[in-house]
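Got a structure for you, questions after.
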Amino acid sequence: MSRLLQSYVRGGWHTPPDSGTPILGAVDGGEVARISSTGIDFAAALDYARTVGGPALARLTFHERAALLKTLGLALLAQKEEFYAESRRTGATDRDSGIDIDGGAGTLLSYASRAKRELPNDTVYLDGAVEPLGKRGTFVGQHLYTSRRGVAVQINAFNFPVWGFLEKLAPAFLAGVPTIVKPASPTAYLTELVFRRIIESGVLPEGSVQLICGGVGDLLDHLGGQDSLLFTGSAHTAALLRAHPAIVRNSVRMTAEADSLNASILGADLTAEAPEFDLYVRQLVTEMTAKAGQKCTAIRRALVPEALVEPVIEAVRARLDKVLVGTPGAEGVTMGALASTGQRDEVLKAVRALETSSSIVVGSAQAPEGPGAFLSPILLRCNSSDAAEPHEIEAFGPVATVIGYRDTAHAIELTARGQGSLVASLVTADPTVAREIVLGLAPYHGRVLVLNSEDAKESTGHGSPLPVLVHGGPGRAGGGEELGGIRGVLHHMQRTAVQASPNMLTAIGGRWVTGSAQAEDGVHPFRKSLVQLRIGDTIRSGPRQVTGADIDHFAEFTGDTFYAHTDPVAAAANPLFGGIVAHGYLVVSLAAGLFVDPAPGPVLANFGVDNLRFRTPVKVDDSLSVTLTAKAITPRASADYGEVRWDTVVTNQDGDPVATYDVLTLVAKS
Ligand code: NDP
């Protein structure tokens, strides 16, 4: 008997008591593994995640979680040859496996690095500015995100057994939410192998990840209001899950990514001779053949100006003729097999339905003889631009339909008939066409790629979701959204509006809020190391008078001789100033002169300012004072220094703020 897949639940490997259901290999149809989830106590698995995994993650800051993801990503890359070998049995060529395996590990690394830069070294994330709620400044509001106390349950599709679970795991893990992974059965053996290596690595805290191979039993019945369900697969299953009583009753957060009839448009500004024409054709062929077209983001509809339908078909044919379908890893093979012969039957059924209004112009709707789920690419031409089928039927394989369009408005209208897609691409050399089509398509799409000869060399391609960009789409595409950098992390957290006094808000959010206490103990805060410094530590300095000579000198010295600083008559006519004013940058420079402590000390560098605003013009002989307050302190895990954000307010002799900003410094830990 072949390998009986195990699940990883409640801290151990679970072997099903029965012999399971066979999983057949894509390449030779032979049995690769058996799968069953019999005997798993699903309610107990959820409970374990909530009571063991959740608390373990809650003890770590965003930065500590990020460091673990990075270690894990590197460990998986170091073992990828083993994963590639197993991946070939799913029908994937090594190029396909690169997308799945390296893409999955790369997503962990991308998230780790984003989190260190964009999230605090804390467990709470502050969202947006403090909102003043009372005239006297004693009552303010702040939105903040905290980790939900539930479980992220993933139900994945068969086409990306590695990337599919890692791209969902990374944001949930960073958010401090434990995950239960349920891979699609046809390729679960690859997920199980990678998962096994993850557990062996010991990198992730116990309970933060569990694996269920086989059906989910009564798992969904036990989902509650802190849990979420992340689904990728067919629209049919998505609809079933969405209507599940526990999901409806408990308002379980659900995100779905389902079938998507993605379009690629060739701009009406192009001719068959334009360099962009070739880019269009090449991209279409890549999307038809990568993963044998089994990508939720692959191009299903090729929309081209009516006059270019035949030239596009000929150019695609010429390229498809060079594609060699066969056993992954064999000499010269450029396209592997579909995931199973059952899946191939589904694809051919869809092709026959498409033939109602389209004709096959490359390939054939006949499965080749012999074992294995091989199928050569199939290109169809739509015979009527009003046909419904190409916009409704998804053939989840190496299949695309060329559809002619009359003008740009028609192209937008046809694309929208897909009722919402994950991605669309547009190939054009004309910025006016680009704006019209992108704005026309955007409401129906999660991502739009504009390709031309300027970005083609660096383009990551139509079909590649990226960790930093959102992945998902409205309507038929499932209505969900994943990834998108830190946006994806926040999906797993709860946003709460907190109303309180400034002092309370400072204590709650760990970030100094205007109006809360400022501490002046006689020691300049720049003389304090990161461990000595406290939020609220303040230095007040000034006054410093700004003379006409200062302004003249600054103008001459920097070359900034804008008339408002140098020409009294012209400056007097300026409706905002009514006379000579100091340069904003002079004000900021004088403020630095007031607050800086010059001797060597723990402050290592000033790496920028944020949110600089000049609020009141500074006139000749005005006097400036500055107040600098430690607002946020962020140690860097792998360095002997950290970041300090200083709230900075420069005022004039009347106490009016003339400039406000955050100064950003690097400060030694000790
Ligand atoms: P399914 O929707 O059948 O399966 C997707 C996942 O859902 C699998 O893990 C499956 O598990 C699980 N599942 C199925 N039924 C249930 C249920 N009642 N309760 C809980 N979990 C369930 O999609 P397939 O993977 O079979 O693919 C079918 C079609 O979906 C493709 O032909 C394609 O059209 C589309 N698809 C879309 C993708 C996208 O990313 N948008 C990706 C892949 C497919 P199990 O495998 O154990 O049955």
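Select from region 221-230 the residues that are open to solvent by 10 Å² or more (accessible area, probe 1.4 Å) and within 12 Å of the ligand (Cβ to nearest atom) and write down the one among them that is farthest from R447 (Cα to Cα).
Across region 221-230, the extreme among qualifying residues is D221.
Look at region 96-118 and say how many of its residues are open to solvent by 10 Å² or more (accessible area, probe 1.4 Å), modelled with pLDDT of 95 or more and of a type in the set (A, V, I, L, M, F, W, C).
So the answer is 1.
Residue-wise test of (1) crowded, with 18+ Cβ neighbours inside 10 Å; (2) assigned to a helix (DSSP H, G or I); (3) touching a helix residue (DSSP H, G or I) at 6+ places or on another chain (Cβ under 6 Å).
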| residue | (1), (2), (3) |
| --- | --- |
| I508 | no, yes, no |
| G515 | yes, no, yes |
| D521 | no, no, no |
| Q532 | no, no, no |
| R540 | no, no, no |
| P543 | no, no, no |
| E556 | no, yes, no |
| D560 | no, no, no |
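Let me ask another. Has region 389-407 got at least one residue that is without any contact (Cβ under 8 Å) to a residue 40 or more places away in the chain, among the polar types (S, T, N, Q) and in the same structural domain as A330 (by TED's automatic domain parsing)? Walk me through how you get there before you give the answer.
Just the residues of region 389-407 that are without any contact (Cβ under 8 Å) to a residue 40 or more places away in the chain, to begin with: 389.
Right, trim to among the polar types (S, T, N, Q) and you get none.
Looking through region 389-407, none of the residues is without any contact (Cβ under 8 Å) to a residue 40 or more places away in the chain, among the polar types (S, T, N, Q) and in the same structural domain as A330 (by TED's automatic domain parsing).
Residues in region 1-16 that are within 27 Å of P178 (Cα to Cα) and surrounded by fewer than 20 Cβ atoms within 10 Å (Cβ to Cβ): how many? Spell out the reasoning first.
The first filter runs over region 1-16 and keeps only residues within 27 Å of P178 (Cα to Cα), leaving 4-16.
Still in the list and also surrounded by fewer than 20 Cβ atoms within 10 Å (Cβ to Cβ): 4, 6, 10-13, 15-16.
Looking only at that region, the number is 8.
Still on this structure: Can you tell me which of S385, S358 is over 33 Å from the mean Cα position of the chain (by Cα) and crowded, with 21+ Cβ neighbours inside 10 Å? Give the steps one after another, and end with the answer.
Values: S385 fails: crowded, with 21+ Cβ neighbours inside 10 Å.
Exactly one residue qualifies, and that residue is S358.
I need the full set of residues from region 157-187 which are of a type in the set (S, T, Y) and over 19 Å from the mean Cα position of the chain (by Cα), in order please. It would help to see each step written out before you state the result.
Of region 157-187, the ones of a type in the set (S, T, Y) are 179, 185, 187.
Within region 157-187, S185, T187 meet the criteria.
Also, quick follow-up: Being of a type in the set (G, A, S), under 21 Å from W512 (Cα atoms), at pLDDT 95 or above and open to solvent by less than 60 Å² (accessible area, probe 1.4 Å) is the requirement here; does A582 meet it? It would help to see each step written out before you state the result.
Working: of a type in the set (G, A, S): yes; under 21 Å from W512 (Cα atoms): no; at pLDDT 95 or above: yes; open to solvent by less than 60 Å² (accessible area, probe 1.4 Å): yes.
No, not satisfied.
Okay, next question. Residue by residue through region 604-640, note down the ones that are among the β-branched types (V, I, T) and open to solvent by 40 Å² or more (accessible area, probe 1.4 Å).
Just the residues of region 604-640 that are among the β-branched types (V, I, T), to begin with: 609, 616, 618, 620, 626-627, 629, 633-634.
Answer for region 604-640, where residues must be among the β-branched types (V, I, T) and open to solvent by 40 Å² or more (accessible area, probe 1.4 Å): V609, T616, V620, I633.
Being within 16 Å of the ligand (Cβ to nearest atom) and under 18 Å from G164 (Cα atoms) is the filter; apply it to region 474-487 and report the residue that is most open to solvent (accessible area, probe 1.4 Å). I'd like the intermediate steps shown before the answer.
First pass over region 474-487, keeping only residues within 16 Å of the ligand (Cβ to nearest atom): 474-483.
Narrowing further to those that are under 18 Å from G164 (Cα atoms): 477-483.
Working: A477: 0, G478: 11, G479: 58, G480: 13, E481: 74, E482: 17, L483: 3 Å².
Within region 474-487, the match that is most open to solvent (accessible area, probe 1.4 Å) is E481.
Kindly check whether there is at least one residue in region 418-428 that is over 30 Å from R65 (Cα atoms) and surrounded by fewer than 22 Cβ atoms within 10 Å (Cβ to Cβ). Walk me through it before giving the result.
Going residue by residue through region 418-428, those that are over 30 Å from R65 (Cα atoms) are 418-421, 423-428.
Now narrow it down to the ones that are surrounded by fewer than 22 Cβ atoms within 10 Å (Cβ to Cβ): 419-420.
There is at least one residue in region 418-428 that is over 30 Å from R65 (Cα atoms) and surrounded by fewer than 22 Cβ atoms within 10 Å (Cβ to Cβ).
Quickly run through region 481-498 and pick out the residues that are in contact (Cβ under 8 Å) with a residue 40 or more places away in the chain and in contact with a helix residue (DSSP H, G or I) (Cβ under 9 Å, 6 or more places away or on another chain). Show your work before the answer.
Within region 481-498, the first condition is being in contact (Cβ under 8 Å) with a residue 40 or more places away in the chain, and the residues that meet it are 481-483, 485-486, 488-498.
Result: E481, E482, L483, G485, I486, G488, V489, L490, H491, H492, V498.
Of the numbered conditions (1) open to solvent by 30 Å² or more (accessible area, probe 1.4 Å); (2) in a helix (DSSP H, G or I), D127 satisfies every one except a single condition; which is it?
Unmet for D127, out of (1) open to solvent by 30 Å² or more (accessible area, probe 1.4 Å); (2) in a helix (DSSP H, G or I): (2).
Now for a separate question. Please report, ordered by residue number, the helices (runs of 4 or more DSSP H) entirely within region 237-340 with at least 1 residues that are within 16 Å of the ligand (Cβ to nearest atom), under 32 Å from the mean Cα position of the chain (by Cα) and not assigned by TED's automatic domain parsing to the domain that holds A373.
Details: elements: 245-249, 275-289, 309-320.
By residue number, 245-249.
From the residues in region 161-192 that are open to solvent by 20 Å² or more (accessible area, probe 1.4 Å) and in contact (Cβ under 8 Å) with a residue 60 or more places away in the chain, which one is farthest from the ligand (Cβ to nearest atom)?
The initial filter retains those residues of region 161-192 that are open to solvent by 20 Å² or more (accessible area, probe 1.4 Å), namely 163, 182, 185-186.
Narrowing the set further to residues that are in contact (Cβ under 8 Å) with a residue 60 or more places away in the chain leaves 163, 185-186.
On the way: W163: 11, S185: 4, P186: 6 Å.
So, considering only residues that are open to solvent by 20 Å² or more (accessible area, probe 1.4 Å) and in contact (Cβ under 8 Å) with a residue 60 or more places away in the chain, the one farthest from the ligand (Cβ to nearest atom) is W163.
Does V209 qualify as being of a type in the set (V, I, T), open to solvent by 20 Å² or more (accessible area, probe 1.4 Å), within 24 Å of the chain's Cα centre (by Cα) and more than 16 Å from the ligand (Cβ to nearest atom)?
no
From the list S541, S453, which residue is modelled with pLDDT under 95 and not assigned by TED's automatic domain parsing to the domain that holds N156? Quick ask: steps written out before the conclusion?
Details: S541 fails: modelled with pLDDT under 95.
S453 is the lone residue from the list that is modelled with pLDDT under 95 and not assigned by TED's automatic domain parsing to the domain that holds N156.
Hey, could you check region 254-268 for residues that are buried (at least 24 other Cβ atoms within 10 Å of the Cβ) and hydroxyl-bearing (S, T, Y) and say which is nearest to V309 (Cα to Cα)?
S264
Show the residue pairs meeting these rules: Cβ distance below 6 Å; 6+ apart or different chains; first residue within region 131-144 and of a type in the set (V, I, T); second residue open to solvent by 30 Å² or more (accessible area, probe 1.4 Å) and part of a strand (DSSP E or B).
Matching pairs, first to second residue: V140/V130; V140/P132.
Now, a different point. Could you please find all residues in region 429-450 being within 26 Å of E273 (Cα to Cα) and either open to solvent by 10 Å² or more (accessible area, probe 1.4 Å) or in contact with a Pro (Cβ under 6 Å, 6 or more places away or on another chain) (or both)?
A429, D430, P431, T432, V433, A434, R435, E436, V438, V448, L449, V450
Further, regarding this structure: Applying the selection to region 451-473, what residues are open to solvent by 50 Å² or more (accessible area, probe 1.4 Å) and on the phi > 0 side of the Ramachandran plot?
Hits for region 451-473: nothing passes.
Examine region 139-160 for a residue that is in the same structural domain as A85 (by TED's automatic domain parsing), small (G, A, S), open to solvent by less than 20 Å² (accessible area, probe 1.4 Å) and within 19 Å of F42 (Cβ to Cβ), and state whether such a residue exists.
yes
Read through the list (1) over 19 Å from the mean Cα position of the chain (by Cα); (2) open to solvent by less than 10 Å² (accessible area, probe 1.4 Å); (3) within 12 Å of the ligand (Cβ to nearest atom), then give the number of the only condition that G217 fails.
Single failed check for G217: (2).
Looking at region 390-402, can you tell me whether even one residue there is open to solvent by less than 40 Å² (accessible area, probe 1.4 Å), of a type in the set (S, T, N, Q), within 16 Å of the ligand (Cβ to nearest atom) and over 26 Å from the mean Cα position of the chain (by Cα)?
Yes, region 390-402 contains a residue that is open to solvent by less than 40 Å² (accessible area, probe 1.4 Å), of a type in the set (S, T, N, Q), within 16 Å of the ligand (Cβ to nearest atom) and over 26 Å from the mean Cα position of the chain (by Cα).
The values are calculated or read from the model by the stated rules, or taken from the named source; none is laboratory data. None of the values given here were measured: they were computed from a predicted structure. Using ideal geometry, Cβ is built from the backbone for each residue, glycine included, and neighbour counts are taken over all protein chains shown. Please note that ligands, DNA and RNA were not included when accessible areas were found on the heavy atoms of the full protein model with its side chains. Shrake-Rupley method; radii C 1.70, N 1.55, O 1.52, S 1.80 Å.
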